1. Here are some residues: L49, L15. Which one is touching a strand residue (DSSP E or B) at 6+ places or on another chain (Cβ under 9 Å) and within 16 Å of the ligand (Cβ to nearest atom)?
2. For the range 222-241, which residues satisfy the criterion of being touching an Asp or Glu at 6+ places or on another chain (Cβ under 8 Å) and surrounded by fewer than 16 Cβ atoms within 10 Å (Cβ to Cβ)?
3. Which residue is nearest to Y57 (Cα to Cα), if the candidates are limited to the range 118-151 and must be open to solvent by 10 Å² or more (accessible area, probe 1.4 Å) and within 16 Å of the ligand (Cβ to nearest atom)?
4. Can you name the number of the only condition in (1) closer than 24 Å to C140 by Cβ; (2) of a type in the set (A, V, I, L, M, F, W, C); (3) open to solvent by less than 30 Å² (accessible area, probe 1.4 Å) that L244 fails?
5. Any chance the range 87-97 includes a residue that's assigned to a helix (DSSP H, G or I) and closer than 25 Å to H169 by Cα?
6. Out of all the residues in the range 25-43, which are open to solvent by less than 80 Å² (accessible area, probe 1.4 Å), over 12 Å from K231 (Cα atoms) and in a helix (DSSP H, G or I)?
7. Go through (1) open to solvent by 50 Å² or more (accessible area, probe 1.4 Å); (2) assigned by the TED database to the domain that holds T314; (3) in contact with a Pro (Cβ under 9 Å, 6 or more places away or on another chain) for F215 and report which single condition fails.
Amino acid sequence: MSEPFKKPIKIVQPLLPDLEDMDQKIKEIWDSKQLSNNGEKVVQLERRLANFLNAEYLSVFSNGTLALQLACRVLELSGEVITTPFTFPATVNALVWNQLKPVFCDIEEETYNIDPDKIEALITEKTTAIMPVHVFGNPCDVEKIQQIADRHGLKVIYDAAHAFGVRHHGKAIASFGDITMFSFHATKVYNTIEGGALVFKHPYLKERADQMRNFGILPDGDVLEPGTNAKLNEVQAAVGLLLLDKVEEEIRRRKEIAATYAEELGDIPGIRINKPVDGLEYNYPYFVITIDKNEFEISRDVLYEELKAHNIITRKYFYPLCSNLQCYKDLPSADKARLPVANKVADSVLALPLYGELSHEEVAYICRIIRESRL
Ligand SMILES: *Cc1c(COP(=O)(O)O)cnc(C)c1O
């Protein structure tokens, strides 16, 4: 039997700036005596992110969830919004915090993303928007979704929390929809410890979001619409600036590790690994396998426990499905019979450890335990 590693192999490890570089940035901030309120570092970060993400209109926020809430606000959504149950609760919560009613749409088995062919049947006279998620950094069917939105006069907000730096046939992932949200939480490919950004199609949306993240205060000091406090601070912006210099290397390493996983696990019966699609440039936020219980002989849950017993931490991601959470399970659209694919996928996916510093020995060990678990 394989001996467990002494230290657990974690599922994620945050990308960190070098301490000496951070030291220098902290000195600059201390000298400036400005810690928040749209300081120099935040302004600089927005400019560099806009450049990095090919975004004309971009703003940063204290986290992705508040950014998503503000996105709904500045688009003045009302009524119902069609979204996916196969996401992190923040997506759906952001709707509810805006008094919007989430309507769950089933997903595609291959991409784990909202199934565009099932959206139109859910549109009612109350529908004002679609909120798809680029799950695990796989781009949604952006063209079909836009066609549906145009046909019915709906807004589109993308939750691109996983999709930092992803490109779709040469275009940046944030080129699609009215607003795209990125999360910069410590567990994501790129982080500002906590943080997030919105990319807007129109400059007036950015202008409103910038006011709304600062209590709704207008240039003349008046407040027309009560805003919130969703500002990023200077220290976090400094982390973001430094990590922009490291994120491409991080993605390159993750790509290598993902290739090793795919090679080692690809031929195991009952394990499905998504093949890269031509024309898409990925960012490798998670390495996800899908277990077919009958073919693999043990279930996803048993494999999860087996790996845990060997000190390998994996994650049932996303499980439970949002439509099965206490707060959402009674929505009419949450009915399991209406979401067969999402329910099946949530019971069969497992995210394996993935981060640039994961060693070849660790990856080999994880793959061996997975292989041996079905013997
Ligand atoms: C992480 C995440 C969020 C929330 O982002 P925060 O920055 O943590 O608030 C939203 N949606 C998805 C899909 C996520 O993975």
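1. Result: L49 is the single residue among L49, L15 that is touching a strand residue (DSSP E or B) at 6+ places or on another chain (Cβ under 9 Å) and within 16 Å of the ligand (Cβ to nearest atom).
2. Across the range 222-241, there are no qualifying residues.
3. Out of the qualifying residues, it is P139.
4. L244 satisfies every listed condition except (1).
5. Scanning the range 87-97, I find no residue that is assigned to a helix (DSSP H, G or I) and closer than 25 Å to H169 by Cα, so the answer is no.
6. Matches in the range 25-43: K25, I26, E28, I29, S32, K41.
7. (2)
Residues are listed down the side, and each one gets a yes or a no for (1) outside any helix (DSSP H, G or I); (2) among the charged types (D, E, K, R); (3) within 16 Å of the ligand (Cβ to nearest atom):
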{"position": "K188", "(1), (2), (3)": "yes, yes, yes"}
{"position": "I193", "(1), (2), (3)": "yes, no, yes"}
{"position": "L205", "(1), (2), (3)": "no, no, no"}
{"position": "R208", "(1), (2), (3)": "no, yes, no"}
{"position": "G221", "(1), (2), (3)": "yes, no, no"}
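The values are calculated or read from the model by the stated rules, or taken from the named source; none is laboratory data. Treat the numbers as computed from the prediction; the structure is a model and nothing was measured. Backbone-built Cβ (ideal geometry, glycine too); neighbour counts: all protein chains shown. The area values use the complete protein model at the heavy-atom level, side chains included, leaving out ligands, DNA and RNA. Shrake-Rupley method; radii C 1.70, N 1.55, O 1.52, S 1.80 Å.
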